[in-house]
Amino acid sequence: MVSLITTQGTLFDLETVLDYGQSILNVAQELTKSLIEQRTISTRTIQAQMNRYFLGTAAEGAWQWKDAYEAIEVAQILYLRQKGYKLLLESPLTVLLELEKLIALCPTQTRRSEESVQLQQFSTPLPLAYLVAKAGFR
């Protein structure tokens, strides 16, 4: 595998990957502000932030909704990094209810490409991930 990489080069330009990651993080940081203030994140807000940090629109090919959903998930993680530890000290039911409230502030991931449907590329909702993790530690 290493010889294949060295002979053919890398699949992605490192600068492009870093720019993409930074753009996702920037959008997520903006969206986290809404979550902290308990404000619903609208698709219009997501589009505006994606357009801003990806320097173009989805229609122009600057980003895809899959990227936007990635930014929403990162925003949820950033929110939990700020609130999470204290929250995890609560009862499992309280944690579950709080995670459900968090998810309710975010739009559902309804825009799917044919490829993502074929590959079953779906994210695990936070409340379900919490329950699975909790069950695994029993």
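Couple of notes before you dig in:
- Shown here for region 30-60: trypsin sites (Lys or Arg not before Pro) in loop regions (DSSP other than H, G, I, E, B) with at most 16 other Cβ atoms within 10 Å, namely Arg39.
- With R₀ fixed at 30 Å, the C-beta to C-beta distance from Lys86 to Leu25 puts the FRET efficiency at about 0.80.
Each value in this text was obtained by applying a stated rule to the coordinates, not by laboratory testing. In this text the structure is predicted, and so the values were computed from the model without any measurement. Virtual Cβ from ideal backbone geometry, glycine too; neighbours counted across all protein chains shown.
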